[in-house]
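Below: one structure, written as structure tokens.
None of the figures in this text is laboratory data; all of them are computed from the coordinates on show. Since this is a predicted model, take the numbers as computed values, not measurements. Here the Cβ is made from the backbone with ideal geometry for all residues, glycine too, and neighbour counts use every protein chain on show.
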Amino acid sequence: MAKIKIGDLVRVKLLNDMYMWVHVLFDSQFIVKGKKEINPYNYFYFYASCYLVNIYSQISTEEELKDDTIFFKGVFIPRKHFAKETIISNIPVDYRQIDFPEHTGGLNSSFWLSKGELALGSIPKEKIHEWNDRFNGGFRDIYSVADSLLYMQNRKSEMQRTNYPDTWKFIPRDFRFYPEYRKEVYGIIGEDPNQSYYELALKHGFDLARFYTNKK
């Protein structure tokens with residue numbers, strides 16, 4: 001089995017003989033070499049065994065990618081869920097265009113927005129409880145990613161699983177998918193929600209380019 005590299009376009013076989021396509025953008029193992037530079041409050045240690053990928057909109061039994069529309073941008077997928085993958089080609093990654101999931105983090109009654117290497121701001125505890133009551137869903141593995149995509153495409157009969165709780169929302173547990181709450185949290189931390197991750201991270205002293213420059 002060929003080793004997956006940054007930039008690889010990968011076809012992943014799902015549970016029902018269908019295929020999903022992903023573009024590999026970032027390897028969380030990068031943090032092993034640069035861990036002394038990493039903000040200790042970010043979420044990379046939780047996602048240390050994951051790739052960050054873009055998910056294409058096409059899920060089908062066809063083995064050729066015919067629709068290169070990106071449906072989910074910047075999603076973490078565990079490495080172990082690439083066991084049935086086929087590397088199709090390699091597409092160069094523009095690190096200035098990479099986006100990362102947005103979650104809240106917390107420790108000892110302190111809360112912040114986690115995004116990539118960043119842990120930003122100070123968020124009131126009551127807001128955390130309010131948002132958590134509304135975020136009931138997420139991505140558990142590559143199959144739940146596929147099911148979320150199929151659900152949003154009104155293709156429920158083709159979903160990988162049928163045993164989701166009645167209260168499950170097929171929307172990622174990610175502020176990027178909740179514009180109203182995203183605007184609110186960015187207002188609280190005093191940042192521009194329209195700024196790219198690359199610009200935001202650079203502003204706070206983290207240059208994403210260091211993970212890509214001179215890498216083979």
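Take the Cα radius of gyration of region 62-181 and divide it by 2.2 N^0.38 Å, N being the number of residues; the result is 1.23. Shape analysis of region 61-128 places it in the prolate category; the axes a ≥ b ≥ c from the Cα gyration tensor give an a/c of at least 1.5, with a/b above b/c. Cα convex hull, region 8-211: 131 Å³ per residue, rounded to a whole number. Rounded to whole numbers, the Karplus 3J(HN,Hα) couplings from phi for region 88-101 are 8, 6, 10, 10, x, 9, 8, 5, 6, 9, 6, 10, 10, x Hz, using 6.51 cos²θ - 1.76 cosθ + 1.60 with θ = phi - 60°, and x at Gly and Pro.
Amide H contacts of residue 88: 9, 10, 11, each under 5 Å away and 5 or more positions distant or on a separate chain (H built 1.01 Å from N in the peptide plane; Pro and chain starts excluded). In terms of distances greater than 23 angstrom between alpha carbons, the cross-link table entries 3/203; 84/169; 183/203; 115/203; 66/169; 5/73 yield 3/203; 84/169; 66/169.
How do 131, 112 rank when sorted from fewest to most other Cβ atoms within 10 Å of their own Cβ? Write down the numbers at each step before the final one.
Working: 131 18, 112 23.
If I rank by nearby Cβ atoms, fewest first, I get 131, 112.
Remark on residue 59: its backbone amide H falls under 5 Å from none of the residues 5 or more positions apart or on other chains, H modelled at 1.01 Å from N.
In sequence order, region 14-21 has phi-based couplings of 9, 6, 10, 6, 9, 10, 10, 10 Hz under the Karplus curve 6.51 cos²θ - 1.76 cosθ + 1.60, θ = phi - 60°, and Gly or Pro positions carry x.
Is the C-alpha gyration tensor of region 157-207 telling us rounded, prolate or oblate? Criteria: a/c under 1.5 is rounded; beyond that, a/b larger than b/c is prolate, otherwise oblate.
prolate
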